[in-house]
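One structure coming up, written as structure tokens, with questions to follow.
Derivation of every value follows stated rules applied to the coordinates shown; laboratory data play no part. Remember, predicted model here, so these are calculated numbers, not experimental data. As a convention, Cβ positions derive from the backbone with ideal geometry for all residues, glycine included, and neighbour counts pool all protein chains shown.
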Number of protein chains: 2
Amino acid sequence: MSNYPKLKLTYFPVEVRAATTRLAFYIGGVPFVDERLDHDTFTANKPTYPFGQVPVLEVDGHVFAQSQAMLRYAGRLAKLYPTNDPLAALKIDEILNGIEELNEKMVPAFREQDPEKKKQLRLDLANDTIPRYLSIIESRLKTHEKYAVLQTKDVHISDIAIYAWVKSLRAGYIDHIPTTVADGYPLVEASFQKVANHPKSWSGMPSSTLCQSSS
Amino acid sequence: MSNYPKLKLTYFPVEVRAATTRLAFYIGGVPFVDERLDHDTFTANKPTYPFGQVPVLEVDGHVFAQSQAMLRYAGRLAKLYPTNDPLAALKIDEILNGIEELNEKMVPAFREQDPEKKKQLRLDLANDTIPRYLSIIESRLKTHEKYAVLQTKDVHISDIAIYAWVKSLRAGYIDHIPTTVADGYPLVEASFQKVANHPKSWSGMPSSTLCQSSS
């Protein structure tokens, strides 16, 4: 009946690295099993994951890793990532990789153990790095919106990446980074709202299957 | 005459972050201007680059950034990245993102200023992290080679990424990481050789245009 392969997305019961793939499948109406792991099950299954980490995506019984690869695959199946328009795909990929680049720059501010150094790294992110990347993405969206394919009300995987990014910045779980840091960027906000207000967005998602250890 | 847009790839006169896009265009027979910048020209032009950094790719006069986005775009134009086969693209993307993940893990070993700490970080890379990623990529290639599209002698952008990665590991420019670290992985080696021995590979590339500051 379905033309889609049999899909199962496996991750912890949080958003973070699986949120974008999950949303792409859901918004695109692609059926998938949304499996959530507890820590014991993860530890037991770890050797079977290609990179020893989650999220993983099972496609007709074959397991794949790498969240950005999974998001692009979901985007292709869900028709949220134009496969026959290299220039539109370039514009989308530039946004995805730009956000990933910022995420990598944030890693040291999470890893740092010294409280004073950690605070300084986070203040640098809040006052310089994050606003700089928000300004760049805003400016790129301004340039890209002239391109017909991207002018529509349709959601693309770049909108989903922006939504997940802005949502995490507003969640308030990173000390010293104000929840208002992403406010005041109209096109970033428009991308965020396009996903937040989509009839098949997060709030409408069915609750997930929590896969618990049988031990 | 040409169906391709007018393309100009701009980077410093080194390989590093532009090597894969450059090779994809060259192997695919896609005409492009291979512009190399000296440092003064970079500084003068920096405000015009979308993320304030190079490489950048000009497409019919519009400037784009993000090396991974550029590689995928080059792969689409050069027919080295399947656009109508989501599963083949997933396999290719998983390899690309896996190598990028390792590259990010190598950053602290370059940034560390304390010589003893730097040495230890690099020994950890040489003895643990790099062999671990090489084993994973080897194992993923073993799984992927069963897939018809990827069984051919054709080069894909994942082979180009493996080539550039292994070439940099063998270049000997990273103290404490032996140049033999990537030896002994037969499928990684086969990908490397497929690109190294391609009639349009590196050694056959015409010398680049060095764009010098006019000041």
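For peptide B:72-79, compute the average count of partner chain beta-carbon atoms within 10 Å of each residue's beta-carbon.
4
Another question, then. Whose amide H sits under 5 Å from the amide H of A:Phe64, counting only residues 5 or more places off or on another chain, with H placed in the peptide plane?
Amide H to amide H, under 5 Å and 5 or more residues apart or across chains, A:Phe64 pairs with A:Leu57, A:Glu58, A:Val59.
Here's a follow-up. As a test of the formula, what do you get for the protein assembly as shown when each DSSP H run with n ≥ 4 contributes -39,500 (n - 2.57) and the sum is divided by the residue count, at 222 nm and rounded to the nearest 500 deg cm²/dmol?
-15500 deg cm²/dmol
Which whole-Hz couplings ³J(HN,Hα) result when phi for each residue of segment A:74-87 is put into the Karplus expression 6.51 cos²θ - 1.76 cosθ + 1.60, θ = phi - 60°, listed in order with x for Gly and Pro?
4, x, 5, 5, 8, 6, 10, 8, x, 8, 10, 9, x, 6
Per residue of segment A:54-71, what does 6.51 cos²θ - 1.76 cosθ + 1.60 with θ = phi - 60° give for ³J(HN,Hα)? Whole Hz please, x for Gly and Pro, Karplus curve as stated.
Per-residue couplings from phi come out as 10, x, 10, 10, 9, 10, 6, x, 9, 9, 10, 10, 6, 4, 5, 5, 5, 4 Hz.
Along Cα-to-Cβ, 7 Å out, sits the label point; list in nm, shortest first, how far the one on A:Asp154 is from those in the other copies.
Going from nearest to farthest copy, the values are 2.4 nm.
Taking the Cα atoms of segment A:86-197, what is the range of coordinates along each of the three principal axes, in descending order and whole Å?
Cα spread of segment A:86-197 along its principal axes, largest to smallest: 49, 26, 18 Å.
For segment A:93-104, in order, what is each residue's ³J(HN,Hα) by Karplus, 6.51 cos²θ - 1.76 cosθ + 1.60 with θ = phi - 60°, in whole Hz (x at glycine and Pro)?
4, 4, 5, 4, 6, x, 5, 4, 4, 4, 4, 5
Given H placed 1.01 Å from N in the peptide plane, which residues other than close sequence neighbours of B:Leu37 have an amide H under 5 Å from its amide H?
B:Tyr11, B:Phe12, B:Cys211
Then there's this: Set the bar at 31 Å for Cα to Cα. Now go through A:Lys142/B:Lys8; A:Lys8/B:Lys118; A:Lys105/B:Lys167; A:Lys142/B:Lys79 and name every pair that lies beyond it.
Over 31 Å Cα-Cα: A:Lys8/B:Lys118.
Shifting gears a bit: Normalised by the number of residues in chain B, what is the relative contact order in percent for Cα pairs under 8 Å and 6+ residues apart?
26 percent
Skipping prolines and chain starts, which residues have an amide H placed within reach, meaning under 5 Å, of the one on B:Phe32, given they are 5 or more residues away or on another chain?
none
Any idea how far apart B:Asp60 and B:Asp114 come out in nm if each label point goes 7 Å out from Cα toward Cβ?
According to this spin-label approximation, the distance is 5.4 nm.
Taking R0 as 41 Å, what's the FRET efficiency between A:Lys6 and A:Val107 from their Cβ-Cβ distance, rounded to 0.05?
Efficiency at R0 = 41 Å is approximately 0.75.
Hey, fewest Cβ within 10 Å first, where do A:Phe110, B:Phe64 land in order?
Lowest count first: A:Phe110, B:Phe64.
Related question: From the C-alpha gyration tensor of the protein assembly as shown, pull out the three semi-axes of the equivalent ellipsoid (sqrt of 5λ each), sorted largest to smallest, in whole Å.
31, 27, 26
For chain B, set up a Gaussian network in which alpha carbons nearer than 10 Å are linked by springs, and say which option among B:Ala44, B:Ala161, B:Ala126 fluctuates the most.
B:Ala44
Still on this structure, please answer the following. Say we join alpha carbon atoms closer than 10 Å with springs in a Gaussian network model of chain A; which of A:Arg111, A:Arg76, A:Arg132 then has the biggest fluctuation?
In the Gaussian network model the winner is A:Arg111.
I want the local charge near B:Glu15. Using Cβ-Cβ distances under 14 Å, sum +1 for each Lys or Arg and -1 for each Asp or Glu among the other residues.
So the environment of B:Glu15 carries a net charge of +4.
So, counting K/R as plus one and D/E as minus one, what does the shell of residues with Cβ under 11 Å around A:Lys6 add up to?
Around A:Lys6, the surrounding residues sum to -1.
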